[in-house]
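Taking it in order: structure first as structure tokens, then the write-up.
The values are calculated or read from the model by the stated rules, or taken from the named source; none is laboratory data. Predicted, not measured: the structure shown is a model, and the values here were computed from it. With ideal geometry, Cβ positions are generated from the backbone for all residues, glycine too; neighbour counts draw on all protein chains shown. Areas reflect the complete protein model, heavy atoms only, side chains present, ligands, DNA and RNA absent. Shrake-Rupley method; radii C 1.70, N 1.55, O 1.52, S 1.80 Å.
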Amino acid sequence: MIVFSNVAKHFDNKRVLHDVSFDLKNGDLVFLTGPSGAGKTTLLKLIYCFERPSSGKIIIDNIDISAITQGKIPQVRRKIGIVFQDFRLFTDKTVFDNVAVTLQFNGMHPQKIRGYVNELLEKVGMLKATREFPQHLSGGEQQRIVIARAMVSKPKVILADEPTGNLDDENARTIMHLLKEISLKGTTVLIATHHKDLFQGSGHRVLHLNNSIIESDYAA
Amino acid sequence: MNTLRYALRSAFKSIWLEKWFNLIAIFAISIGLFILCAFVMLTVNMDSAIQRWSKSFGIIVYLSDGLSREEEEKAGDKFRQDPDISEVNYISKETALENVRTALGSNSLILDVFKGNPLPSSFELKIKSDLLEPAYVREKAAKIEKMNGIKEVQYGEKWLSSLNTATKIMKIFAIFFGGGIFVAITFITYSIIKIFFHRRRDDIETLKLLGAPRMFIRLPLLIEGMFMGSVGGALSSIALFIIYSLVYAKIAEYVPSIKLIITSMPIFLYVLVPVSGALMSLVGSYIAIGRIRY
Ligand SMILES: Nc1ncnc2c1ncn2[C@@H]1O[C@H](COP(=O)(O)OP(=O)(O)OP(=O)(O)O)[C@@H](O)[C@H]1O
Ligand SMILES: [Mg+2]
């Protein structure tokens, strides 16, 4: 589903990624770790075509995105649900509309959308806040909205950048459980985090990023 | 279909959020369109006034000197029998002189320089109104001039042609003026949509990251632009209608014959104004949106 072959990324003279290769299959749930500034977010950005690799090849769902044209990018992005590190919620939309937006892209019928959105808001425990605006919610609540938005369209890939950064243990467990659940249905889930306790002892695959390379690739 | 629904909803939400901005734009657009329409109506009215006026122009036929009464009457009968001519007025030498005297008033003494009466007798002819095309009038005049005992035929040709050039100039001016207004309105919507775009750049960026189709991002902005143009146009239509009816009624109170001169505003114009406003602002917002690289 996600294939990196000898990918490098540098900004001007700053080398962030150097010769990164890995292969994630359908239904994989993988953690991407490494110290702050290691390039986790940058690696995710390469996947959703926000950044272009300086060299190497990236394949998402059999599409070579290292050579993709601008016009085809939306198509690739619709395969990917993103939990942004900085949330990126729409402040002029209600919680409901924030989650509904990716379903609206395809012109889905409003009634159908309501069903999907409410189901997911229920799962993340935010059904009570449907009509509120995200900026009136706490950090943890906002994070759960972002997670709901990323999952609602049942994408082939979910990229979660510090998805539990603002959550208490209870909520963090709920979210991890949801991510596992969706990966069992075949979605490839890549979680960037430096919280070791999220994956320690879970048996999940971990890609440890350091000094611009994947320093270790192991099962936790 | 649903996409259009979402776009409409999103557009109207942001129209409401940015209501003051939109209001200013709508007023600017409606003022622009109003001025344009007023100008067009002025041109149309002037054109039709000139048209009607030119139709009331008569042909004046001056008779040769030294025709006998019988000969003059014979010519008059001929005109009266002509099916193209609706009215025949005979003006004798004496009446003509009298007319000139009253016209000159105290200056009439200069007429005494002449021995006797220098003015010819004449006929004033009105051509039937449905035959009043400049070309036909010219032809008729030429035919009459060839008749016996006719000295000269005059009709308001010079007048007509200079009025025609005046309307032509006005029409050309109206086209340029319309072009100017078009550019102005396009520019107004272009700027406003660009401002909206900048204010929402973060949200638009997020939409792009989520994989929104081009139309999902662009359609609301286009709808907003069109909304401004069409509402602006509708406002100027309403203003135009009110002012037109008021002026029409007021003038008609004093000068009832005005109803013959001022053409009533064609209904389609009231529809055309909002439609053209919408088109102009659509062009503006389309150019502004071209800046969304995606
Ligand atoms: N657009 C950019 N231009 C220049 N440098 C950049 C750019 N984006 C990222 N970087 C640099 O790349 C490095 C990796 O950044 P990145 O955000 O990927 O780190 P991270 O692993 O996600 O860190 P954190 O755990 O704090 O989120 C940083 O040193 C950052 O300064
Ligand atoms: Mg990061």
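Summary of computed values
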quantity	calculated
Residue in the stretch B:230-241 that is polar (S, T, N, Q) and touching a Pro at 6+ places or on another chain (Cβ under 8 Å) present	yes
Residues of the stretch A:34-63 classified as within 16 Å of ligand 2 (Cβ to nearest atom) and within 14 Å of the chain's Cα centre (by Cα), total	10
Qualifying residues in the stretch A:79-112 (those that are outside any helix (DSSP H, G or I) and more than 9 Å from every other protein chain (Cβ to nearest Cβ)) - the one farthest from A:Asn6 (Cα to Cα)	A:Thr94
Options A:Arg114, A:Arg131, A:Arg88: the member that is open to solvent by 20 Å² or more (accessible area, probe 1.4 Å), under 19 Å from the mean Cα position of the chain (by Cα) and modelled with pLDDT of 90 or more	A:Arg88
Of all residues making up the stretch A:126-138, the number that are in a loop (DSSP other than H, G, I, E, B) and either within 14 Å of chain B (Cβ to nearest Cβ) or of a type in the set (S, T, N, Q) (or both)	3
Near pairs, Cβ below 7 angstrom, 6+ apart or cross-chain, from the stretch B:13-40 (more than 20 Å from B:Ile181 (Cβ to Cβ)) to any residue that is of a type in the set (S, T, N, Q)	B:Ile15/B:Asn22
Residue selected from the stretch B:220-241 under the condition more than 15 Å from B:Gly284 (Cβ to Cβ) and among the hydroxyl-bearing types (Ser, Thr, Tyr), by the criterion surrounded by the fewest Cβ atoms within 10 Å (Cβ to Cβ)	B:Ser237
Criterion: near ligand 1 (Cβ under 9 Å from one of its atoms), touching an Asp or Glu at 6+ places or on another chain (Cβ under 9 Å) and more than 14 Å from every other protein chain (Cβ to nearest Cβ) - qualifying residue of A:Gly34, A:Gly39	A:Gly34
Contacts under 9 angstrom Cβ, first residue in the stretch A:183-204 being open to solvent by 30 Å² or more (accessible area, probe 1.4 Å), partner modelled with pLDDT under 85, 6 or more apart	A:His195/A:Gly165; A:Lys196/A:Ala220; A:Gln200/A:Ala220; A:Gly201/A:Ala220; A:Ser202/A:Ala220; A:Gly203/A:Ala220; A:His204/A:Ala220
Failed item, numbered, when A:Glu51 is tested on (1) of a type outside the set (A, V, I, L, M, F, W, C); (2) within 14 Å of chain B (Cβ to nearest Cβ); (3) without any contact (Cβ under 8 Å) to a residue 24 or more places away in the chain	(3)
Residue within the stretch A:145-156 that is within 16 Å of ligand 1 (Cβ to nearest atom), modelled with pLDDT of 90 or more and either farther than 17 Å from A:Asp28 by Cβ or within 14 Å of chain B (Cβ to nearest Cβ) (or both) present	yes
Close pairs from the stretch A:31-47: first under 13 Å from A:Thr193 (Cβ atoms), partner assigned to a helix (DSSP H, G or I) and not acidic (Asp, Glu), Cβ under 6 Å, at least 6 apart	A:Leu32/A:Lys40; A:Gly34/A:Lys40
In the stretch A:159-181, residue farthest from the other protein chains (Cβ to nearest Cβ) [restricted to those that are within 16 Å of ligand 2 (Cβ to nearest atom) and among the hydrophobic types (A, V, I, L, M, F, W, C)]	A:Ala160
Of all residues making up the stretch A:141-172, the number that are open to solvent by 10 Å² or more (accessible area, probe 1.4 Å) and among the small types (Gly, Ala, Ser)	3
